[in-house]
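None of the figures in this text is laboratory data; all of them are computed from the coordinates on show. Just so it is clear, the structure is predicted and the values come from calculations on it, not from any experiment. Cβ placement follows ideal geometry from the backbone for every residue including glycine, while neighbour counts extend to all protein chains displayed.
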Amino acid sequence: MVWKKHEYDKIFGTYVFDGERAHRSYALNKLFYSFNEECCRTEFNEDPTSYCDKFGLHEEQKKMVLSQDFLNILRAGANIYYMAKFCIPRGVTVQDAGAAFQNITGDEFRDKLLKKRDGLVQRLTKEGGYWNG
Amino acid sequence: MANIIGGVTTSHIPAVGNAISQGLTQEYYWKRFFDGYNPVKTWLKEKKPDVIIIVYNDHGLNFFLDKSPTFAIGCADEYQNADEGWGLKPTAPFTGDAEFSWHLAESLIEQEFDMCTCQEMLVDHGFVNPARVLFGDHEVWPIKTIPLVVNTVQHPLPSAKRCYKLGEALKVAIESYPEDLNVVIAGTGGLSHQLQGERAGIIDVDYDLACMASIINDPSWFYSQSNAEIMEKAGTEGIEGIMWLVMRGAMGDKVNCLHKHYHAPISNTGAGVLLLESAE
């Protein structure tokens, strides 16, 4: 019994959400998916430990959820869209979560992204045909 | 006969909806992005299409990972938006066209695209934000909608080429519907972005522009790439660009580009807007 290797495994710093990760993190993602319902969010907040047990999280997963260790939740294979339902209401954006992988703050992460705007209009002018107001 | 009058591409990220809700669209960060939609909005107001087919991926509202259809189509009279877990106020419901949807499903399945047919479907930000950015907010939406969902979340995903071929089949399906309907297709998502991993935050402007040029002039460049090749350049979430190919496949061999717009960054992404008409 082996997990198949993929062409994308070699891409640096990239974890593709495939069968192997989806299988490993199924209970975590299922718990996060339940947060679409307000009654589930309330039930979790009232007794997080019991809620984790209800979804069959193993000890390591439970520890990460209870300590809101978002980085390791993602490293454990959770899908970012599902984890967003857990971290965003707790004041941690998807960008903050992404930044943690590089050990930088969300603001530093956003500043790096903003640099993409430098020279953009000139680049588009060179390309030709782009709207620019 | 139903007729495809245009194809549009647009981002669908949550931040776009937040910016609209918070009245930020004319702030410096957002202005260039939103203003770039004005020619498309004007075109839509002039042409008044009857139906828009929005090609998007669900992010864990309607579908959970227990059942993850590769291609799914809404076949209902109405689609509700709902809270995705962040407490956002849902939009007004969208009117569907069940007869048209079922015709499309039948035709696509006849053409060997085995669609998952959905008689109830909650539509998430991937669907709602394109509608909001193209038509503004409404209590009664000015157009009927059909959601077409592509799995871009839980691999294995369909290939870029398969998405293009789905678009070709969609064209056949639309054009074999007897009612006179003017249809627009929106390919949503992208462009380059990656939300997690040490490489999170990549935006590859050159690659994004190459993809946009390919969508207009030569889609085979885009769809000849494997999903691994696309993700290496565009990031794990940038793979959403394959949904643009569904729209493009439905537009026929040659298109006229009426408008093209690109902006970066919008949140984590490069964002491209195209308005295409068939040149056949």
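Taking every residue in A:16-29 and counting other chain Cβ atoms within 10 Å of its Cβ, the average works out to 3.
By the rule of a C-alpha distance below 19 Å, with chain neighbours fewer than 8 residues away ignored, the aspartates and glutamates paired with residue B:41 are B:50, B:137, B:139, B:277. Net charge of the neighbourhood of residue B:278, taken over other residues with C-beta under 13 Å away and scored Lys/Arg +1, Asp/Glu -1, is -2.
Cross-linked pairs A:54/B:233; A:115/B:48; A:10/A:116: Cα-Cα separations exceed 31 Å for A:54/B:233; A:115/B:48. Computed from the C-beta positions of residue A:68 and residue B:25, the FRET efficiency with R₀ = 30 Å rounds to 0.35. The Rg/Rh ratio for the range B:1-140, using Cα coordinates for both the radius of gyration and the Kirkwood hydrodynamic radius, is 0.97. The stretch between residue B:280 and residue B:66 holds 72.8 nm of extra length on full extension. This uses 0.36 nm per residue minus the Cα-Cα distance. Using a Gaussian network model of chain B whose springs link C-alpha atoms within less than 10 Å, name the residue from B:210, B:264, B:105 with the highest mean-square fluctuation. Judging by the Gaussian network model, the answer is B:210. Across all Cα atoms of the range A:11-127, the radius of gyration (one decimal) and Dmax (whole number) stand at 17.3, 59 Å. A Gaussian network model of chain B, with springs between Cα atoms under 10 Å, assigns the largest mean-square fluctuation among B:164, B:177, B:28 to B:28. Under 19 Å from a point placed 7 Å out from the Cα of residue A:122 along the Cα-to-Cβ direction: which residues of the range B:252-280 have their backbone N that close? Residues B:262-265 fall inside that zone.
What the Kirkwood sum gives for chain B is a hydrodynamic radius of 18.4 Å, with every pair of different alpha carbons counted. Peptides B:111-117, B:167-173 ranked from most to least packed give B:167-173, B:111-117, packing being the mean of other C-beta atoms within 10 angstrom over each peptide's residues.
For the segment A:30-43, counting C-beta atoms of other chains within 10 Å of every residue's C-beta and taking the mean gives 3. Determine the calculated [θ] at 222 nm for chain B from helices alone, applying -39500 (n - 2.57) to every DSSP H run no shorter than 4 residues and normalising by the residue count; nearest 500 deg cm²/dmol. Rounded to the nearest 500, it is -10500 deg cm²/dmol.
The order of the peptides B:40-46, A:27-33, B:191-197 by mean Cβ neighbours within 10 Å, most packed first, is B:191-197, A:27-33, B:40-46. In this structure, the amide hydrogen of residue B:123, modeled 1.01 Å from its nitrogen in the peptide plane, lies closer than 5 angstrom to those of B:80, B:81, B:82, counting only residues at least 5 positions away or on a different chain.
Averaged over peptide B:36-43, the number of partner chain Cβ atoms lying within 10 Å of each residue's Cβ comes to 1. When the convex hull of its Cα atoms is viewed from all sides, the range B:1-60 shows a mean projected area of 5.5 nm². By the beta-carbon count within 10 Å of each Cβ, the least crowded to most crowded order of B:103, B:263, A:6, fewest first, is A:6, B:103, B:263. The three principal axes of the C-alpha atoms in the protein assembly as shown carry coordinate ranges of 60, 47, 47 Å, sorted with the longest axis first.
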